[in-house]
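Structure first, then comments.
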2 protein chains.
Amino acid sequence: MRLRVDLLPRGEYGDVVVLIDVLRSCTVAPILFDNGLKELYLCPSLRTSRKAAAEKGLLLLGERGGLVPEGFNYGNSPTELRQVNMAGRSAVMISENAPKTLPAVAGAKHVLLGSFYNADAVMARGLELATEEIALVCCGFGGEEDLDDVLVAGYLAGRLKQRLPEASPLGAGWMCLSLLKTFPDPLEALWYSRAGQALRRLELAGDLVVASLISRSDKAPRLSAVTEGERASLYRFEAVPTPHPAVPLAH
Amino acid sequence: MRLRVDLLPRGEYGDVVVLIDVLRSCTVAPILFDNGLKELYLCPSLRTSRKAAAEKGLLLLGERGGLVPEGFNYGNSPTELRQVNMAGRSAVMISENAPKTLPAVAGAKHVLLGSFYNADAVMARGLELATEEIALVCCGFGGEEDLDDVLVAGYLAGRLKQRLPEASPLGAGWMCLSLLKTFPDPLEALWYSRAGQALRRLELAGDLVVASLISRSDKAPRLSAVTEGERASLYRFEAVPTPHPAVPLAH
């Protein structure tokens, strides 16, 4: 089994991809499923999202430049969305980084959304699905590498390596593992990341705290369909609890 | 003026490239010029290096897997080479990372070798030469990103940004700047890097200490010619003291 870490998408992906956008899409996604959501569409386009919401009766989630667009039900603050019952609902969420990275990885057999918040769940699901490779792919910030996702990749790589002792991390895996040693507190990496600085300027530092919590969710959202919209694709994710919630990986 | 940071070479380079391989080629190179070397050839091939040395009367420097090859005059330990008078000599040095990265950047107008050891010099020279862009390009370790070069890039990017306040770092620039905040001591990043770990296993930790010294040399080695050898290219570097040694950049 290969274990690969890419600080941004690079090349082809054939087996399992864990897409990492810890601030905030991949932290929010497992929270929504914990709260009862049935399916989540990710999309970078406001117009396509609005149209899909009208056609399919979806909740509209997300933000642009820190503001909740007109007519949206909620932003994409994990602090806020933890309090919202989503039972039986479906939603579409716009955000910047994850939806723009999805086209580069959607060709893989399995695409999961991962963060600190669902670390154990996404690792268990990844190990269950993978036959050749688990690729941890960071979304970065504005198309460039960012520290928050890189540290999550390091955390997941370190834990996966315990389960795959024969796997030598490829790509930036070793660099991420080195970084981990200097960040005993995941919150610190989020704090200094560009994404984290942007949220702090919006007085959303509470979201960093939620995003730094480890393995609070047993949901590993998984890409189940891609449909073409007018301006952008819609990526549908579903999640079931991990099959082995009672067997946490060793810390 | 653009300021760009690439954790590995990526795409085309047109103006100034500062190539970073802090452990150890780009630390050793300014040391050799400080000690009187006239010209330095970098080359990845043992055979091509030996042939060039025989033809041109060059000193043979470098190592393979931590061992000094048969017939070589010296390894490439900065600790050792600081003690060696090179007055009037020329040398060819084999190493792994910098020579293998050179083909990706050699198309730029100006290619300089940079590290902590010649930080002020390489920045002054880069600012003098650049008309459009200074690209800080890390060599990494074995073709993958490594922490040591990334931290040097962050250090140089932070200092260059003081001189280019209008420049917004492109590529991984912001991530490197974030990392700097968590590494007040450059030695720590070298220590945890893969390259650093490899040197520590060879009982060469002293080389990390030399490589962590900041701006001890006023030489910015600059690519002056590329010649095709039998198995690999030879990259010739020359260095003159920086034009403004008495105007150090503000720390």
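The values are calculated or read from the model by the stated rules, or taken from the named source; none is laboratory data. Only a predicted model underlies this, so the values are computations on that prediction, with no experimental measurement involved. Neighbour counts are summed over all protein chains in view; Cβ atoms, including those assigned to glycine, are modelled from backbone coordinates with ideal geometry. Surface accessibility is based on the protein's heavy atoms, side chains included, excluding ligands, DNA and RNA. Shrake-Rupley method; radii C 1.70, N 1.55, O 1.52, S 1.80 Å.
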(request) Determine ³J(HN,Hα), in whole Hz, for all residues of the range A:75-88 in sequence, where each value follows from phi through the Karplus function 6.51 cos²θ - 1.76 cosθ + 1.60 and θ = phi - 60°; x replaces Gly and Pro. (result) x, 10, 8, x, 4, 6, 6, 4, 8, 9, 6, 10, 3, x
(request) Using a 1.4 angstrom probe on heavy atoms only, work out the carbon and sulfur share of the accessible area of the range A:185-226 in %. (result) 48 percent
(message) Counting only protein heavy atoms, probe 1.4 Å: which residues of the range A:193-207 lose 10 Å² or more of accessible surface in the full assembly compared with their chain by itself?
(response) A:194, A:197
(message) I'd like the mean, over residues of B:178-188, of how many other protein chain beta carbons sit within 10 Å of each residue's own Cβ.
(response) 3
(message) What distance in nm lies between label points placed 7 Å from Cα along the C-beta direction at residue A:54 and residue B:73?
(response) 7.7 nm
(message) For residue B:231, project a label point 7 Å along Cα to C-beta. Then give me every residue of the range B:131-159 with its amide nitrogen under 20 Å of that point.
(response) B:142-143
(request) Can you pull out the buried accessible area for chains B and A, both sides counted, probe 1.4 Å, rounded to the nearest 100 Å²? (result) 2000 Å²
(request) Could you pull out the pairs from A:181/B:51; A:181/B:100; B:38/B:109 whose alpha carbons sit more than 32 Å apart here? (result) A:181/B:51
(request) Would you please classify the overall shape of the range A:135-195 from the alpha carbon gyration tensor, given that a ≥ b ≥ c denote the square roots of the eigenvalues, rounded means a/c under 1.5, and beyond that prolate means a/b larger than b/c while oblate covers the rest? (result) oblate
(message) Per residue, how much accessible surface does chain B expose to a 1.4 Å probe? Answer in Å², no decimals.
(response) 38 Å²
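Around residue B:204, what is the net charge, scoring Lys/Arg as +1 and Asp/Glu as -1 over all other residues with Cβ under 11 Å from its Cβ?
Computed value for this residue: -1.
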(request) Work out, in µm²/s and without decimals, the Stokes-Einstein translational diffusion coefficient of the protein assembly as shown at 37 °C, 0.692 mPa s, Rh from Kirkwood over C-alpha pairs. (result) 137 µm²/s
(request) Please give, to one decimal in nm, the separation of the simple spin-label points placed at residue A:240 and residue B:131, each 7 Å out from Cα toward the Cβ. (result) 6.4 nm
(message) Among the complete DSSP H segments of chain B, which ones combine at least 20 Å of alpha-carbon extent along their axis with a mean Kyte-Doolittle hydropathy of 0.0 or more?
(response) B:147-163
(request) Quick one: which residues, 5+ away or cross-chain, put their amide H under 5 Å from the amide H of residue A:2? H built at 1.01 Å from N. (result) A:133, A:134
(message) In whole Å, what are the extents of the range B:103-251 along the principal axes defined by its C-alpha atoms, from largest to smallest?
(response) 46, 38, 30
(message) Consider the operator that turns chain B into chain A: which B residue has a Cβ nearest its axis, and what is that gap in Å?
(response) B:182, 3
